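The values are calculated or read from the model by the stated rules, or taken from the named source; none is laboratory data. Predicted, not measured: the structure shown is a model, and the values here were computed from it. Neighbour counts are summed over all protein chains in view; Cβ atoms, including those assigned to glycine, are modelled from backbone coordinates with ideal geometry. Keep in mind that these areas ignore ligands, DNA and RNA; they rest on the heavy atoms of the full protein, side chains included. Shrake-Rupley method; radii C 1.70, N 1.55, O 1.52, S 1.80 Å.
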Amino acid sequence: MPTSGMTEMDDFEFTLAIAGPIDEESILDRLFEAGCSDATFGSVDGAGFAEFTREATSFEEAVMLGIQQVESVPGLRVLRVEPDDLVTMSEIAERLGRTRESIRLLVSGDRGHGGFPPPVSHVRDRFRLWRWSDVAEWAGQVSLEERQRAKFVAALNAALELRRSRDLPKEQRAAVRRVAAG
């Protein structure tokens with residue numbers, strides 16, 4: 001039981017996708033020195049990642065500190081946070097504890113109360129993607145905390161992607177800023 005004035009800590013798991021020379025021994029040493037001793041680093045097909053199990057007072061605190069620590073190492077840049085907000089039908093089924101066929105029927109409106117969120121990508125493709133935050137809200141089967149976490153990851157990934165637009169021509173950057181400002 002926490003004593004007065006102390007904040008309770010929890011463990012949070014997340015993955016950061018990283019651009020940069022993550023496999024170099026000197027980089028790994030610097031990451032450890034930066035405070036990333038609670039992460040496992042690796043790469044798949046040239047894409048770097050850090051899998052964290054971090055103790056913090058909140059998920060947001062854990063993720064933001066992880067990004068700050070990784071990016072304190074010269075040459076490294078965080079690209080996105082996972083678990084990603086974009087999910088396939090199979091991932092929706094897994095997260096909701098249902099079969100893929102059950103989700104397919106919900107998506108098509110042949111089962112359930114209707115109103116399943118529309119896909120946000122590949123709308124006419126077989127491999128459509130949905131926003132987990134939208135699906136979690138619609139399903140009502142996940143906690144408010146999980147729904148808020150999904151929305152945070154979606155917004156954070158959008159901000160990380162927006163940050164990458166710095167190399168666009170000035171006019172295009174201005175157009176992106178106008179849209180982001182609402």
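If I go through region 59-81 residue by residue, how many of them are in contact with a Phe, Trp or Tyr (Cβ under 7 Å, 6 or more places away or on another chain) and of a type outside the set (Phe, Trp, Tyr)? Give the derivation first.
Kept after step one, since they are in contact with a Phe, Trp or Tyr (Cβ under 7 Å, 6 or more places away or on another chain), are these residues of region 59-81: 59-60, 62-63, 66, 81.
From what is left, the residues that are of a type outside the set (Phe, Trp, Tyr) are 60, 62-63, 66, 81.
Looking only at that region, the number is 5.
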Any idea which residue in region 125-158 is nearest to residue 108 (Cα to Cα), counting only those that are under 12 Å from the mean Cα position of the chain (by Cα) and among the basic types (Lys, Arg)? 131
Within region 164-179, which residues are in a helix (DSSP H, G or I) and open to solvent by 60 Å² or more (accessible area, probe 1.4 Å)? 164, 166, 167, 170, 171, 172, 173, 177, 178, 179
Across region 10-68, what is the number of residues that are modelled with pLDDT of 95 or more, loosely packed, with under 12 Cβ neighbours inside 10 Å and assigned to a loop (DSSP other than H, G, I, E, B)? 1
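Quick one: count up the residues across region 101-119 that are surrounded by 14 or more Cβ atoms within 10 Å (Cβ to Cβ) and either at pLDDT below 90 or in a helix (DSSP H, G or I) (or both). Can you show your working first?
Filtering region 101-119 for residues surrounded by 14 or more Cβ atoms within 10 Å (Cβ to Cβ) gives 102-107, 111-112, 116-117, 119.
Still in the list and also either at pLDDT below 90 or in a helix (DSSP H, G or I) (or both): 102-107, 111-112.
The total comes to 8.
So is residue 161 within 17 Å of the chain's Cα centre (by Cα), part of a helix (DSSP H, G or I) and closer than 22 Å to residue 66 by Cβ or not? Explain how you work it out, then say what you get.
On the way: within 17 Å of the chain's Cα centre (by Cα): yes; part of a helix (DSSP H, G or I): yes; closer than 22 Å to residue 66 by Cβ: yes.
So residue 161 fits the description; yes.
Return yes when residue 86 is over 30 Å from residue 139 (Cα atoms) and of a type outside the set (Asp, Glu) and no when it is not. Working first, answer last.
Working: over 30 Å from residue 139 (Cα atoms): no; of a type outside the set (Asp, Glu): yes.
No; evaluated as a whole, the condition is false for this residue.
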When you scan region 118-143, how many residues do you find that are out of contact with any helix residue (DSSP H, G or I) (no Cβ under 7 Å at 6 or more places or on another chain) and β-branched (Val, Ile, Thr)? 2
Taking the stated definitions as given, is residue 158 touching a Lys or Arg at 6+ places or on another chain (Cβ under 8 Å) and under 22 Å from residue 61 (Cα atoms)? no
Quick one: in region 69-90, of everything that is in a helix (DSSP H, G or I) and touching a helix residue (DSSP H, G or I) at 6+ places or on another chain (Cβ under 8 Å), which residue is most open to solvent (accessible area, probe 1.4 Å)? 90
For region 129-148, does any single residue satisfy the condition of being of a type in the set (Ser, Thr, Tyr), modelled with pLDDT of 90 or more and more than 15 Å from residue 16 (Cα to Cα)? no
Right, residue 150: free of Cβ contacts under 8 Å to residues at least 12 places away in the same chain, open to solvent by less than 50 Å² (accessible area, probe 1.4 Å) and in a helix (DSSP H, G or I) or not? no
Scan region 104-120 residue by residue and report those that are under 15 Å from residue 140 (Cβ atoms) and of a type in the set (A, V, I, L, M, F, W, C). 106, 116
Failed criterion for residue 131 (all others in (1) exposed (fewer than 14 other Cβ atoms within 10 Å of the Cβ); (2) touching a strand residue (DSSP E or B) at 6+ places or on another chain (Cβ under 9 Å); (3) basic (Lys, Arg) hold): (1)
